[in-house]
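Undergrad: Can you keep this structure in mind? I'll have questions shortly.
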2 protein chains.
Amino acid sequence: MIEFWFSIGSTYSYLSVMRLTHVAAETGIRFRWRPFNVRAIMIEMDNIPFTRKPVKAAYMWRDVERRAALYGLRPKLPAPYPLSELERANRVAIIAAAEGWCPAYARETYRRWFEAGEPAGSEPNLSASISVAGQDAERVLRLADSDRGKSDLAEATEQAKGFGIFGSPSFVVDGELFWGDDRLDDAVRWLRHLESGPPD
Amino acid sequence: MIEFWFSIGSTYSYLSVMRLTHVAAETGIRFRWRPFNVRAIMIEMDNIPFTRKPVKAAYMWRDVERRAALYGLRPKLPAPYPLSELERANRVAIIAAAEGWCPAYARETYRRWFEAGEPAGSEPNLSASISVAGQDAERVLRLADSDRGKSDLAEATEQAKGFGIFGSPSFVVDGELFWGDDRLDDAVRWLRHLESGPPD
């Protein structure tokens, strides 16, 4: 099992969210989707990669576009960034993960954000993505906006920090951390190595 | 041809410097080694990835170690960081590139820095690496410390900025920028695509 820690709001997480179900099917590996609030961690660490860094931001969008093409995706970039309702998007994702519909919700959220220009976490993206995942938006948003919804996201974010996570997406394999969509292959290799037999 | 823009002083550039000659031999691709001063660009862009970011720095060293193992390398990490004589190391690299002995010099520099703990750009690493590349250290250091040596590094750094380069290593294929050792495969794929025929 690989833990997939991600925040809706992260640009590179688009790549992992959109391909992870395929990777799971191809490899037979189970991924546990773990939403958290990467922005809270990045602000705490003074790790602000793109805002007021126009050269790096321009490269990021181009790099995401090229990588997306490798995966058969055709986003319209740049997508609206940063998100104004990152926390709400991820509070819903926490509920979705607990109830078993996180991949469908997260994929639709990113599809609308990156391919249709609708900011994730805001309407109409938010309710539409919950509905596409087969859920009642009113019920889910009531839970997401409750004190419990807020504390669950904060708790998940504290857990992420406990693994040394500082960015999204991150993959955790038996405590070993891999950061970035481009490290997914390394995480899979690590799991295979662990599974190949006990150490000497 | 792929332009390989790198700064001695960058940690991830260890991976590219050590494997690039193998990649060139395997692929038949010619790489043009282009040393520049990444620190000057990163300070200008307020892009300081590791200093005062202990969690991210710890991850970086672990990630470099894992990636190095994939390439058959066994560095002793963390290496001394940051370098106090980054500029001198790269002024010598500029001369080495002009005279045709840059790969040998850069590899020995990184080997001593990452595998023997000798900071790059400082003695004994600096003169030893020049000597291993078959050159007279006194001659080279006189050139490197001259006004011309300093202005050549500044000029290369301005050229790097002109390509939108903000980090090391970077690969440039016909104007297309790829950042990071982990994008070398993408750069190779891009060149192959360009070579496969004219566009429609």
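The values are calculated or read from the model by the stated rules, or taken from the named source; none is laboratory data. Bear in mind the structure is a predicted one, so any value in this text is a computation, not a measurement. Reconstructed Cβ throughout: ideal geometry from the backbone, glycine too, with neighbour counts over all protein chains shown.
Undergrad: Does B:Arg192 count as under 30 Å from A:Val64 (Cα atoms) and either without any contact (Cβ under 8 Å) to a residue 40 or more places away in the chain or in contact with a helix residue (DSSP H, G or I) (Cβ under 7 Å, 6 or more places away or on another chain) (or both)?
TA: On the way: under 30 Å from A:Val64 (Cα atoms): yes; either without any contact (Cβ under 8 Å) to a residue 40 or more places away in the chain or in contact with a helix residue (DSSP H, G or I) (Cβ under 7 Å, 6 or more places away or on another chain) (or both): yes.
The answer is yes for B:Arg192.
Undergrad: May I pose another question? Here are B:Arg67, B:Arg62: which of them is within 14 Å of chain A (Cβ to nearest Cβ), farther than 28 Å from B:Asp174 by Cα and modelled with pLDDT of 95 or more?
TA: Checking each option against the conditions leaves just B:Arg62.
Undergrad: Here are the criteria: (1) surrounded by fewer than 23 Cβ atoms within 10 Å (Cβ to Cβ); (2) under 15 Å from the mean Cα position of the chain (by Cα). Tell me which single one A:Asn37 does not satisfy.
TA: Unmet for A:Asn37, out of (1) surrounded by fewer than 23 Cβ atoms within 10 Å (Cβ to Cβ); (2) under 15 Å from the mean Cα position of the chain (by Cα): (1).
Undergrad: For the subset of segment B:7-25 comprising residues that are assigned to a helix (DSSP H, G or I) and out of contact with any strand residue (DSSP E or B) (no Cβ under 7 Å at 6 or more places or on another chain), which member is nearest to B:Val173 (Cα to Cα)?
TA: Here is the first cut: in segment B:7-25, the residues assigned to a helix (DSSP H, G or I) are B:13-25.
Add one more test, that the residue is out of contact with any strand residue (DSSP E or B) (no Cβ under 7 Å at 6 or more places or on another chain), and what stays is B:14-15, B:18-19, B:21-23, B:25.
On the way: B:Tyr14: 21, B:Leu15: 19, B:Met18: 20, B:Arg19: 18, B:Thr21: 17, B:His22: 19, B:Val23: 15, B:Ala25: 18 Å.
Among those that are assigned to a helix (DSSP H, G or I) and out of contact with any strand residue (DSSP E or B) (no Cβ under 7 Å at 6 or more places or on another chain), it is B:Val23.
Undergrad: May I pose another question? Among (1) farther than 16 Å from B:Arg91 by Cβ; (2) assigned to a helix (DSSP H, G or I); (3) more than 16 Å from the chain's Cα centre (by Cα), there is one condition B:Gly134 misses while meeting the rest; what is its number?
TA: Answer for B:Gly134: the failing condition is (2).
Undergrad: A further question follows. Given the conditions (1) in a loop (DSSP other than H, G, I, E, B); (2) buried (at least 17 other Cβ atoms within 10 Å of the Cβ), and given that B:Pro80 satisfies all but one, which numbered condition is not satisfied?
TA: Here B:Pro80 clears every test but (2).
Undergrad: Shifting gears a bit: Exactly one of these conditions fails for A:Gln135: (1) more than 14 Å from every other protein chain (Cβ to nearest Cβ); (2) touching a Gly at 6+ places or on another chain (Cβ under 6 Å). Give me its number.
TA: (2)
Undergrad: Among the numbered criteria (1) surrounded by fewer than 18 Cβ atoms within 10 Å (Cβ to Cβ); (2) over 14 Å from the mean Cα position of the chain (by Cα); (3) not charged (D, E, K, R), which one does A:Ala104 miss?
TA: Only one criterion is unmet by A:Ala104, namely (2).
Undergrad: Residue under question is A:Met45, and the condition is that it be over 15 Å from the mean Cα position of the chain (by Cα) and at pLDDT below 95; does it hold?
TA: yes
Undergrad: B:Ala160 is checked against (1) within 14 Å of chain A (Cβ to nearest Cβ); (2) buried (at least 23 other Cβ atoms within 10 Å of the Cβ); (3) under 21 Å from B:Thr21 (Cα atoms) and fails just one. What number does that condition carry?
TA: Among (1) within 14 Å of chain A (Cβ to nearest Cβ); (2) buried (at least 23 other Cβ atoms within 10 Å of the Cβ); (3) under 21 Å from B:Thr21 (Cα atoms), B:Ala160 violates only (3).
Undergrad: Exactly one condition in (1) assigned to a helix (DSSP H, G or I); (2) farther than 17 Å from A:Lys76 by Cβ is not met by A:Glu115; state its number.
TA: Only one criterion in (1) assigned to a helix (DSSP H, G or I); (2) farther than 17 Å from A:Lys76 by Cβ is unmet by A:Glu115, namely (2).
Undergrad: Now, a different point. Among the numbered criteria (1) within 14 Å of another protein chain (Cβ to nearest Cβ); (2) among the small types (Gly, Ala, Ser); (3) surrounded by fewer than 16 Cβ atoms within 10 Å (Cβ to Cβ), which single criterion is violated by A:Gly72?
TA: (1)
Undergrad: Here is a further query. On the given criteria, is A:Glu99 within 14 Å of chain B (Cβ to nearest Cβ) and surrounded by fewer than 21 Cβ atoms within 10 Å (Cβ to Cβ)?
TA: no
Undergrad: With the condition kept exactly as written, say whether any residue in segment A:43-65 is on the phi > 0 side of the Ramachandran plot, out of contact with any Pro (no Cβ under 8 Å at 6 or more places or on another chain) and of a type in the set (D, E, K, R).
TA: yes
Undergrad: Which condition from (1) within 14 Å of another protein chain (Cβ to nearest Cβ); (2) in a helix (DSSP H, G or I); (3) in contact (Cβ under 8 Å) with a residue 24 or more places away in the chain is the one that A:Phe166 breaks?
TA: (2)
Undergrad: Turning to a different aspect of this structure: Return yes when B:Asp174 is at positive phi and over 19 Å from the mean Cα position of the chain (by Cα) and no when it is not.
TA: Criteria met by B:Asp174.
Undergrad: Which members of segment A:174-186 meet the condition of being under 17 Å from A:Arg30 (Cβ atoms) and either in contact with an Asp or Glu (Cβ under 8 Å, 6 or more places away or on another chain) or away from every other protein chain (no Cβ under 13 Å) (or both)?
TA: Once the filter is applied, which keeps residues that are under 17 Å from A:Arg30 (Cβ atoms) and either in contact with an Asp or Glu (Cβ under 8 Å, 6 or more places away or on another chain) or away from every other protein chain (no Cβ under 13 Å) (or both), segment A:174-186 yields A:Asp174, A:Phe178.
Undergrad: For segment A:26-48, give me the residue count where each residue is under 17 Å from A:Ser84 (Cα atoms), assigned to a loop (DSSP other than H, G, I, E, B) and within 14 Å of chain B (Cβ to nearest Cβ).
TA: Residues meeting the conditions: 1.
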